[in-house]
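The values are calculated or read from the model by the stated rules, or taken from the named source; none is laboratory data. Predicted model only: the values in this text are computed from it and were never measured. In this analysis, Cβ positions are derived from the backbone assuming ideal geometry, glycine residues included, and neighbour counts consider all displayed protein chains.
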Amino acid sequence: MPPPDIPPDSVRLPPAGPPDPEFDWMLAPLLQALGVHAEQEPLRSAVAESQQRFLEMAGRTDLTAHTRAKQESRRDAQDRIRIAQLQQEFAALDVPLQSLMDRAVQRTQELLNADGMSLELADEQGVLVLAAGSGLLREQVGRRSNMDISLAAKALAQGRVMISDDTLFDDRLDRARARADGVRSMIVAPLRSGEGMVGVLLAAYAAPQAFYDRDIGNLQILGETLGVTIDRHRMHARLREAADKYRALFDLNPQPMFVTELPTLRVLAVNRSAAQMYGYEPQELLGRPMTDLRAPGEMAPRVAMPGDAFANLRLRHRRQDGSEFDVEVSGTTIDFAGRPARLVRSLDVSARLRAEAALARVSRAQRMLSACNESLVRASSEQSLLEELCRITVDIGGYAMAWVGFARDDAERSVEPAAKVGDEGGYIGSFPMSWAADTPAGQGPVGLTIRTGQLIIVPNVEDDPRCTNWAANALAHGYRGLVCLPLRDGERTFGLFYLYSAEVATPSEDEVTLLQALAEDLAFGLVTLRAREQQRLTQEAQHRVQTAMLKVAAAVSASTGTEFFEQLALNMADALGAQASFIATLKPGSMVARTLGAVVHGQVRRNFDAPLEGSRLASLLDRGAYVVTEGVAEAFAPYPLLAAIGGQAYAGHSLFDAGQRVSGLVLVVFSEPLRQQEFLVSTLRIFAVRVAAELDRRKADEHIRHQASLLDKARDAIVVADTGGRVQYWNKSAERLYGWRADEAMGQPVARLLFDDEAMGGHAHDELMASGEWNGEVSRRRKLGQAVQVEARWTLVRDEQGVPRSVLMIDTDITQRKQAEAKIQKLAFYDGLTSLPNRQLLQDRLHKALASCVRHRTGGALLCMDLDNFKTLNDTLGHDKGDMLLQQVAMRLVSCVREVDTVARLGGDEFVIVLEELSAVPQEIAVQARRVGEKILAALAQPYRLEGYEHQSTASIGVASFGAGTESAGELLKQADIAMYQAKAAGKHTLRFFDPGLEAAVTARAALEGDLRQAFVQREFFLQYQPQVDGASRITGVEALVRWRHATRGLVSPAEFIPLAEETGMILLLGHRVLEIACRQLAEWGRQPALAGLTMAVNVSARQFRHNEFVRQVRSVIEQTGADPRRLKLELTESVLVDDMQAIVSKMDALKDMGVRFALDDFGTGYSSLTYLKKLPLDQLKIDQSFVRDVLVDANDSAIARTVIRLAQSLGLNVIAEGVETAAQRDFLASEGCEAFQGYFFSRPLVAEALDRLLREQGVAGP
């Protein structure tokens, strides 16, 4: 430690020696007060050093006088006692630091007989701040020292005592402050703590040289004592603050924590979080072993060794209310109040474990859904699909058992299991299942799911009252929870997917969503598989029906007698896939049916009588068509032949005679249950009509033969003519048939009376004369001109010598038969319900359409359309309403297409539209097809009136285009069908193209059209104006050019949107808006004298000009805007001139009367004719820019430009050239006599503001 700052000649240094024992006596009380934790050795060293310095200073005093020495000795002893007392007083840690410092300066001032005392502490920046003061310095508390001119700062920096005998002459300190404080001399001692300094202790005196050497030593001792004491106080405060913080960190920590005794695990401390988590008050847990918190039966490894630490032990704990939860426990050994303990952290992981379990279940469900979807894609049969999905649900989904069942519409409304996996104990089938609402069996999840179509989850069958009747059985088989998923087709629930779990079923929301997706995918897959199977069966049935119909149509009269009906019965059985078919008539006046044709298993059987009185067949006769699938055995019991077939279903159709009385029946029998009935009734109707027609014909023939002897009463027309063909006899039937009376017909040539062309009967007459007879069908003409079909049988009558004398003609009216045959033909090729072409005729027309594409190099489109949710209508309102809807749909479809197009019905609610003679360009085909498709969608979306019901329906349409390169009709139908299902998948009531490229083009055009329509609403159109100049390049007017700035497309080229506006008719609105804006600008110029002479050229489209209201619209715009019509110039294109010339001239004259002028735009590019130039009241011709562009390099263009200029001059018209881009072009045109120009050479098109600046800069030509 450096010596005090004392002049060397003022003291004498005594020899160094050991410390005085009295200092040990002084040090003892201080050490005792500081306590056992005080660092005794540093304090003892500091005091001893102070003692040495004190002795050194004391020894330097000149003690010549013995008396004085004694007095000083006593004084020193007293000072030592007082210093020791002060040290003991300073050592008390229970006294606040500020109070200690205040007391210290007061006691030190008294000890040193000073006039003032200060204790200054260094702050964080090292600046001394007066912390305590007395005497002269009492009022200076808080004052900061100027460290540059401060003796205290120097003492602090050097760590030694410094003195000033007279502050007035001491440059080391702030003399002004000393003078202000009244201080003339001072002692400054550093407050030392170990090797560091915490501040200074300053003794101030009002007089110079007012202190003694012992005062210096005493102050140094007290400074070092106070330095250690202040440092200890600060350390004690920091420790206390840290302890409070650590206690708060433990108590307020959000993580539950305990401190437990190591051997017993008794709780020594617990924070609030832990107490709240377990539901206790903190004091309730103190002293209890932590093992009390474990759930019953929970075992955990014991961790009791002091050095052991553990982490994340998974345990099951119990709260005070008895609820259990999962925790993770970690522990660390610590020292607690001087004894080993363990800090235990307990974390509630119940939510995390539940989330992990739910995530695992969702992941498992996702894998299950993915596997099921793969199976759906690969599935070829319904049964294999169901079994595979049940297996996946058990193997991958982790369910104990899965089964699929379908709702039946039988009397019990039963549920029939179709597939199951995991039911080794035979649980399914051990009790009845029903979806009836009024039976106990239908009250469980099975019945509720089918009736409501809602997913049902039963977490625990033991707790759910809906499962009371069978819960014990389920638990006995190991099934506790269940999920019941509905299988839906539109609004109808047709089955369910039932999942059992061995544990309580608590699926998360995500897992439920995946399970619902699984059920929806399964239902869709089943519906698709069934639709494919139904389509296959339908196609097979159609093929059989078409084959049979072709046979029937081709062999109308090929067979006679019994053979005819036997062949018809064979064809009927073959067409419908029946095991037996019968054609029978009712005996007159009885209910006994006599078969005309009977076929069983492909073999013709002998005809027989079948009594019908009291039978079920008798009750069905008056119904027309009927299909029976129940009670077949009872109905056939009286008839051995029918009973032997073992029929499961039968269908029939009554026969009606000309008076609409029941005359018989046709019947088919099936030995297998009927799976599809779509063509059954319509096909039976065809056969019934044919049988009835044949029976009527035969009855008519029989009648004719019966009346043959009574010619005049004969039903047939009987005519006798001579060999020259003139009428000799004409019976009443001939009068009725042909309308000619006998007196009118006698003597007239038969050919003139009955044939349109007299030569038509020539070949029949020749054959008659050659062979003696002629039979055939021929078309005759009635008196009033109507055609009549007859079956003619002509016989040449000879005399006794064999010479031909006359011709006997017997004509049978077969018009009705022919109509019936035509009806058969129609039924064979047309749909019976809608009268639209059927599949057979569609195929023929489609083949012809493809051939036409090759011949005529055109294109076409095939639209496959299906009604959305049609089955729901049938199921809810009945098939009769469904038939009515189909008929109305057919009519709407026909109204949406042209006569050249074909609308066909394939069956059910599926229609096909063939659009022919479309463009050969694929993109244009797509546009045309979309237009028709959207028209159809709009038409079909309108409400339908179905006998008191209003029904709303939509459709989905698939489009496939075709052209010369299309391979086959079958492939085309397949493409359209695929596109239709894409439309259904896209949300129904929409249209999809098979070719994505075409669809993109159509969509882009539709989007542009939609944006164009929206542009009118958003006011996105604006005008630019391109100046027109005279020969001196002075601006004479402008041409208004419409522009479209779209929010996302930016500036859209006029070449892109103008043709679209023309095509859609929006050009009318666009043209009107352009005219309105242009006229408003023209009126604005008219109000400015400098611009009033400018003209405004506005383009008018052909469609706009042809509009009936065009003249009125122009007049209205001019009147509303106030524009000068003499400054308005309407530019017409040559396409306007191809219509009625008189009407065009009339409109132009009406506008010319108002002052409007006309220019012919793009002259020479279209319908160029001198005739219309002479007739039209034009003012100007405009040379098209296509000629101006190459006028200097292409001789043809220069010749055309020169000709137009000469032509305009000869007709007295002005001429203007557009598209002028160079001075050379301008000069050439000017040299040829052109006086007006327009183009980029002069100015680009400008918006109104830019044009206004240009006009003001350049000025305009005079009027």
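Select from the stretch 1242-1255 the residues that are without any contact (Cβ under 8 Å) to a residue 60 or more places away in the chain and surrounded by fewer than 17 Cβ atoms within 10 Å (Cβ to Cβ) and write down the one among them that is farthest from the chain's Cα centre (by Cα). Spell out the reasoning first.
Residues of the stretch 1242-1255 without any contact (Cβ under 8 Å) to a residue 60 or more places away in the chain: 1249-1250, 1252-1253.
From what is left, the residues that are surrounded by fewer than 17 Cβ atoms within 10 Å (Cβ to Cβ) are 1249-1250, 1253.
Details: GLU1249: 45, ALA1250: 46, ARG1253: 51 Å.
Going through the qualifying residues, I end up with ARG1253.
Looking only at the stretch 597-636, which residues are of a type in the set (A, V, I, L, M) and part of a loop (DSSP other than H, G, I, E, B)?
Residue satisfying the conditions is LEU612 alone.
Which residue out of ARG616, ARG623, ARG605 is under 23 Å from ASP574 (Cα atoms), of a type outside the set (A, V, I, L, M) and either surrounded by fewer than 18 Cβ atoms within 10 Å (Cβ to Cβ) or in contact with an Asp or Glu (Cβ under 6 Å, 6 or more places away or on another chain) (or both)?
ARG605
I'd like the full set of residues that are outside any helix (DSSP H, G or I) and either closer than 13 Å to LEU137 by Cβ or of a type in the set (Asp, Glu) (or both), limited to the stretch 86-110.
So the first thing to find is which residues in the stretch 86-110 are outside any helix (DSSP H, G or I), and the list is 91-96.
Within the stretch 86-110, ASP94 is the sole residue that qualifies.
Read through the list (1) on the phi > 0 side of the Ramachandran plot; (2) crowded, with 19+ Cβ neighbours inside 10 Å; (3) more than 59 Å from the chain's Cα centre (by Cα), then give the number of the only condition that GLY1239 fails.
Checking GLY1239 against (1) on the phi > 0 side of the Ramachandran plot; (2) crowded, with 19+ Cβ neighbours inside 10 Å; (3) more than 59 Å from the chain's Cα centre (by Cα), the one that fails is (3).
Considering each residue of the stretch 1224-1263, count those that are outside any loop (DSSP other than H, G, I, E, B), closer than 20 Å to SER1186 by Cβ and of a type in the set (A, V, I, L, M, F, W, C), and give that number.
6
Here are some residues: ALA969, ALA926, ALA983. Which one is under 30 Å from LYS871 (Cα atoms) and touching a strand residue (DSSP E or B) at 6+ places or on another chain (Cβ under 8 Å)?
Among ALA969, ALA926, ALA983, only ALA983 is under 30 Å from LYS871 (Cα atoms) and touching a strand residue (DSSP E or B) at 6+ places or on another chain (Cβ under 8 Å).
So which pairs qualify, if the first residue must be in the stretch 464-476 and more than 19 Å from ASP423 (Cα to Cα), the second must be among the β-branched types (Val, Ile, Thr) and not in a helix (DSSP H, G or I), the Cβ gap must be under 7 Å, and the two must be at least 6 apart or on different chains?
ASP464/VAL458
Can you confirm whether the stretch 99-113 contains a residue that is modelled with pLDDT of 85 or more, on the phi > 0 side of the Ramachandran plot and either within 60 Å of the chain's Cα centre (by Cα) or polar (S, T, N, Q) (or both)?
Yes, there is a match, as at least one residue in the stretch 99-113 is modelled with pLDDT of 85 or more, on the phi > 0 side of the Ramachandran plot and either within 60 Å of the chain's Cα centre (by Cα) or polar (S, T, N, Q) (or both).
Check the stretch 1105-1112 and report whether any residue there is surrounded by fewer than 16 Cβ atoms within 10 Å (Cβ to Cβ) and among the hydrophobic types (A, V, I, L, M, F, W, C).
No, because not a single residue in the stretch 1105-1112 is surrounded by fewer than 16 Cβ atoms within 10 Å (Cβ to Cβ) and among the hydrophobic types (A, V, I, L, M, F, W, C).
For the structure I just gave you, tell me whether LEU202 is in the same structural domain as GLN98 (by TED's automatic domain parsing) and in contact (Cβ under 8 Å) with a residue 60 or more places away in the chain.
On the way: in the same structural domain as GLN98 (by TED's automatic domain parsing): yes; in contact (Cβ under 8 Å) with a residue 60 or more places away in the chain: yes.
Judged against the criteria, LEU202 is a match.
List, please: which pairs have Cβ atoms under 6 Å, are six or more places apart or on different chains, and start with a residue in the stretch 117-130 that is among the charged types (D, E, K, R) and exposed (fewer than 15 other Cβ atoms within 10 Å of the Cβ) and end with one that is assigned to a strand (DSSP E or B) and modelled with pLDDT under 90?
Within 6 Å, no pair qualifies.
Would the stretch 160-179 turn up any residue that is among the small types (Gly, Ala, Ser) and in a loop (DSSP other than H, G, I, E, B)? Show your work before the answer.
Here is the first cut: in the stretch 160-179, the ones among the small types (Gly, Ala, Ser) are 164, 176, 178.
Still in the running and in a loop (DSSP other than H, G, I, E, B): none.
Checking the stretch 160-179: not a single residue is among the small types (Gly, Ala, Ser) and in a loop (DSSP other than H, G, I, E, B).
Return the pair list, or none, for Cβ contacts closer than 9 Å from residues in the stretch 448-461 that are assigned by TED's automatic domain parsing to the domain that holds SER414 and in contact (Cβ under 8 Å) with a residue 60 or more places away in the chain to residues that are surrounded by fewer than 17 Cβ atoms within 10 Å (Cβ to Cβ) and assigned to a helix (DSSP H, G or I), at least 6 apart or on different chains.
Qualifying pairs under 9 Å: LEU455/VAL512; LEU455/GLN516.
If you scan the stretch 474-512, which residues turn out to be in a loop (DSSP other than H, G, I, E, B) and either at pLDDT 85 or above or over 39 Å from the mean Cα position of the chain (by Cα) (or both)?
Scanning the stretch 474-512 gives HIS477, GLY478, TYR479, ARG480.
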